[in-house]
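The values are calculated or read from the model by the stated rules, or taken from the named source; none is laboratory data. The shown structure was predicted, so the numbers you read here are calculated from the model rather than taken from an experiment. As a convention, Cβ positions derive from the backbone with ideal geometry for all residues, glycine included, and neighbour counts pool all protein chains shown.
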């Protein structure tokens, strides 16, 4: 599985020489409505799930009901004869093993979905169940059966800095506790999958993916065909959050069934498969001993951490998060269990590290009787363009009215306790190679083409905006063409890198197209190309003639301007900072937490579309509310079966669960574009956890903050008051 | 005439009450003590259909469609897979997320949890029936204006649920709007814009 790592690059770039971002933009930084909104709101947008091809079959995958088993025999003969069945594909052979509930075993393509499902039931598989591990506790026992080759636990190298013994010696107080976060699944509303169609040796695949080019490569490698023979199309896709970067097993199965049946095949997973087999955010556990000096300086941090990313996958996360412990040590263990493998999920690792560190920070602050904001200001790194927390904490405090915060534990009578909490986030972002092609037509319309994809962030709108800005024309003259691997290369949409990869490429390509237009029409305007400028829908010669854009384009005759360009340094940067604060109400009789308000101060470098940027921030925060209060993949401890592989027991908040959210975006135009998909999702859960602690006076060191944990913590603390 | 084990026949219209009592047998009469009304209802109940395709007629967005589906096919799948109206989305497929919301006889329903055969004779409205040509329905326009959508996969369900709300309560309070739309789930987290759209949409006729 391809992972998209956090990218780190220069925090403040050297300004681009030829095509720097405009000093006084017409569009960039304003609120522009998403241009594909009408397609989506009208239901006209066609997602991979919606593709229908002539003669198309529907496929279904048979999956292992066991957490760990050896396949003794597989007999698909009855399925092959079942009504409507056109192809059967055994995916595993006798003797091979399945290592989690939901592991792929075989697949069927039939005329209708119902027939495909019926045929699956006719495939006879005999399994020899093997010992399995259903949770980290089972896997870490000394007497645990060896399920994974090389061991159930993989111990990483120790990360060490400074002098730990000296750090603890300098501490006036020491806090020792264990913290943990849950496994959550991505729950993309459009499940993973695709429609595959062959024409001879050429494959066209409509895929729900975050990476059309990466998926093309994945198909070519797995099917052992040239990349030239594969075309991947993603016009619209229904959410990925880090889990959709390749064809995956179901994509390869779909392509092979389509080949076998000599017909297009539709294979989109169902909700249960989506929970079991398409990734998750790993759990995190941390046993921490930390020290603080009498005057509130953190001195030492010693942590043993572990977590599970499922069957043979890692579970790393950054720790400690943001705050500067001068002396520290940390050892991490990846624990393998018989469950679906983790994948990158919206800011991989960061919400875990943030929650654990920020709760610890509030506990340390209480030991020295300091206000949590003051305590943080004392222990934050020095301010820099990509480290702005020292400015943002006071700004967020002002927004939420932090001065009214009471010390830990709401002293007011009655069962409803109120509290405030805070937390910080950081992320890399940054851009990388994206290529684009621009055509200016003689009628004044413009095509900007690049093989990126819109995963819901508004990429299509950004492409049109930057093109229109650079050419000085209205956006409706621009047709952005994206979501096709036949277009110029662009990377996967992960790591919050899309906007910072695509915007500079479009800026450079549109700039080159503008220059090419100038060169072509300058003689007719009686001016040197260098003396021309574009803006307000006109082309103007310095101190001379000015013509409307469309009239200028007419001068092209019959041949459009057609240029290629690519991402160049100087228009994007890396490193964002943000601070969030939360206000909650906890009912100490029921244990139910309601988040009343979240405030957020967040930067992202140069803001491109202020409207969709804000929507992204809302979305991140709402994801954080879900992570804090509701979401958890529950595996039965005896069978390792997921007990909530649906959307009624796997909880995701609805409108009534959403707090008031106030966002303050800090624009940093001189830094260039960075990206905003991930940062705001990181610190919400930590801010909520600290607000619950402030409200109730008890510390819950485990996500999600479910009523049972709140009540148990209150009980341990001596019952409700 | 083939008789099924409920004692009905494959042509419910011709069975007499007397025939009905004959076929249900003494045992079930003694234990269930049917009233005359119950018996009448059972006698006129829809005949058993399937397995295998059966012809049905659906009235969708004012247009009659004749199609053949197995009786187990949901209204959602019939509309998406057989009629190629793919604006309505399948997400949870068990009545908990609202992505498949349609308006049937004026009520918002989960079409993933409604059988297509049960929707016959009813007035079915889907996302495709809202816009007129390229002119968006006021609710669709409001979602675009407030950016109440991101990936867009939950959006048709939310739009249809909002239309159903506003046709019932043209000027809802925020509390009413939240309650009414709580049956729909968005994963990208567009709720802020969604609520704003529901409160801002103007010109929706009372249904």
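Numbers for the structure displayed
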{"quantity": "Number of positions in the stretch B:83-118 that are more than 9 Å from chain A (Cβ to nearest Cβ) and more than 14 Å from the chain's Cα centre (by Cα)", "calculated": "1"}
{"quantity": "Total residues in the stretch B:49-101, condition touching a helix residue (DSSP H, G or I) at 6+ places or on another chain (Cβ under 8 Å), closer than 19 Å to residue A:189 by Cα and assigned to a loop (DSSP other than H, G, I, E, B)", "calculated": "15"}
{"quantity": "Residue within the stretch A:340-358 that is modelled with pLDDT of 95 or more and under 18 Å from residue A:168 (Cα atoms) present", "calculated": "yes"}
{"quantity": "Residues satisfying the stated conditions in the stretch A:269-311, i.e. in contact with a strand residue (DSSP E or B) (Cβ under 9 Å, 6 or more places away or on another chain) and assigned to a loop (DSSP other than H, G, I, E, B)", "calculated": "A:269, A:270, A:278, A:279, A:282, A:283, A:293, A:294, A:309, A:310"}
{"quantity": "Sole exception among (1) within 14 Å of chain B (Cβ to nearest Cβ); (2) in contact with a strand residue (DSSP E or B) (Cβ under 7 Å, 6 or more places away or on another chain) for residue A:188, by number", "calculated": "(2)"}
{"quantity": "Residue match in the stretch A:352-359 (condition: in contact (Cβ under 8 Å) with a residue 60 or more places away in the chain, outside any helix (DSSP H, G or I) and under 30 Å from residue A:640 (Cα atoms))", "calculated": "no"}
{"quantity": "Residue within the stretch A:29-48 that is more than 27 Å from the chain's Cα centre (by Cα) and either farther than 28 Å from residue B:99 by Cα or surrounded by fewer than 16 Cβ atoms within 10 Å (Cβ to Cβ) (or both) present", "calculated": "no"}
{"quantity": "Qualifying residues in the stretch A:101-139 (those that are within 14 Å of chain B (Cβ to nearest Cβ) and part of a loop (DSSP other than H, G, I, E, B)) - the one surrounded by the most Cβ atoms within 10 Å (Cβ to Cβ)", "calculated": "A:112"}
{"quantity": "Lone qualifier among A:291, A:193 - being within 13 Å of another protein chain (Cβ to nearest Cβ) and at pLDDT 95 or above", "calculated": "A:193"}
{"quantity": "Evaluation of residue A:142 against (1) more than 34 Å from the chain's Cα centre (by Cα); (2) surrounded by 20 or more Cβ atoms within 10 Å (Cβ to Cβ); (3) in a loop (DSSP other than H, G, I, E, B) (one fails), failing number", "calculated": "(2)"}
{"quantity": "Those residues of the stretch A:598-616 which are within 11 Å of residue A:28 (Cα to Cα) and more than 10 Å from every other protein chain (Cβ to nearest Cβ), in sequence order", "calculated": "A:606, A:607, A:608, A:610"}
{"quantity": "Counted residues, the stretch A:406-446 - those being buried (at least 18 other Cβ atoms within 10 Å of the Cβ) and within 30 Å of residue A:566 (Cβ to Cβ)", "calculated": "14"}
{"quantity": "Criterion violated by residue A:651 - all others in (1) free of Cβ contacts under 8 Å to residues at least 40 places away in the same chain; (2) in a helix (DSSP H, G or I) satisfied", "calculated": "(2)"}
{"quantity": "One residue from A:191, A:215 being in contact with a helix residue (DSSP H, G or I) (Cβ under 9 Å, 6 or more places away or on another chain), part of a helix (DSSP H, G or I) and in the same structural domain as residue A:264 (by TED's automatic domain parsing)", "calculated": "A:215"}
{"quantity": "Positions within the stretch B:119-138 being assigned to a helix (DSSP H, G or I) and more than 8 Å from chain A (Cβ to nearest Cβ), in sequence order", "calculated": "B:119, B:129, B:138"}
{"quantity": "Sole residue being touching a helix residue (DSSP H, G or I) at 6+ places or on another chain (Cβ under 7 Å), surrounded by fewer than 24 Cβ atoms within 10 Å (Cβ to Cβ) and not in a strand (DSSP E or B), chosen from A:676, A:688, A:700", "calculated": "A:700"}
{"quantity": "Which listed residue is in the same structural domain as residue A:257 (by TED's automatic domain parsing), out of contact with any helix residue (DSSP H, G or I) (no Cβ under 8 Å at 6 or more places or on another chain) and free of Cβ contacts under 8 Å to residues at least 12 places away in the same chain, from A:53, A:92, A:121", "calculated": "A:121"}
{"quantity": "Flag if residue A:670 is touching a residue at least 24 places away in the same chain (Cβ under 8 Å) and within 9 Å of another protein chain (Cβ to nearest Cβ)", "calculated": "no"}
{"quantity": "Residue match in the stretch B:149-168 (condition: within 22 Å of residue B:63 (Cα to Cα), more than 11 Å from every other protein chain (Cβ to nearest Cβ) and in contact with a helix residue (DSSP H, G or I) (Cβ under 6 Å, 6 or more places away or on another chain))", "calculated": "yes"}
{"quantity": "Lone qualifier among A:401, A:419 - being touching a helix residue (DSSP H, G or I) at 6+ places or on another chain (Cβ under 7 Å) and either at negative phi or free of Cβ contacts under 8 Å to residues at least 40 places away in the same chain (or both)", "calculated": "A:419"}
{"quantity": "Inter-residue pairs, beta-carbon under 9 Å, first in the same structural domain as residue B:109 (by TED's automatic domain parsing) and under 10 Å from residue B:195 (Cα atoms) and in the stretch B:169-181, second at pLDDT 95 or above and not in a loop (DSSP other than H, G, I, E, B), 6+ apart", "calculated": "none"}
{"quantity": "Among residues of the stretch A:408-438, those that are more than 20 Å from residue A:711 (Cβ to Cβ) and outside any loop (DSSP other than H, G, I, E, B), counted", "calculated": "11"}
{"quantity": "Positions within the stretch B:152-167 being in contact with a strand residue (DSSP E or B) (Cβ under 9 Å, 6 or more places away or on another chain), closer than 13 Å to residue A:39 by Cα and in a helix (DSSP H, G or I), in sequence order", "calculated": "B:156, B:159"}
{"quantity": "Of all residues making up the stretch A:147-170, the number that are over 27 Å from residue A:292 (Cβ atoms) and touching a strand residue (DSSP E or B) at 6+ places or on another chain (Cβ under 6 Å)", "calculated": "3"}
{"quantity": "The stretch A:219-267, subset over 23 Å from the mean Cα position of the chain (by Cα) and assigned to a strand (DSSP E or B), residue nearest to the other protein chains (Cβ to nearest Cβ)", "calculated": "A:266"}
{"quantity": "Residues of the stretch A:56-89 that turn out to be in contact with a helix residue (DSSP H, G or I) (Cβ under 7 Å, 6 or more places away or on another chain) and surrounded by fewer than 16 Cβ atoms within 10 Å (Cβ to Cβ), as a count", "calculated": "1"}
{"quantity": "The one condition in (1) in contact with a strand residue (DSSP E or B) (Cβ under 6 Å, 6 or more places away or on another chain); (2) within 26 Å of residue A:465 (Cα to Cα); (3) surrounded by 16 or more Cβ atoms within 10 Å (Cβ to Cβ); (4) touching a residue at least 60 places away in the same chain (Cβ under 8 Å) that residue A:585 fails to fulfil", "calculated": "(2)"}
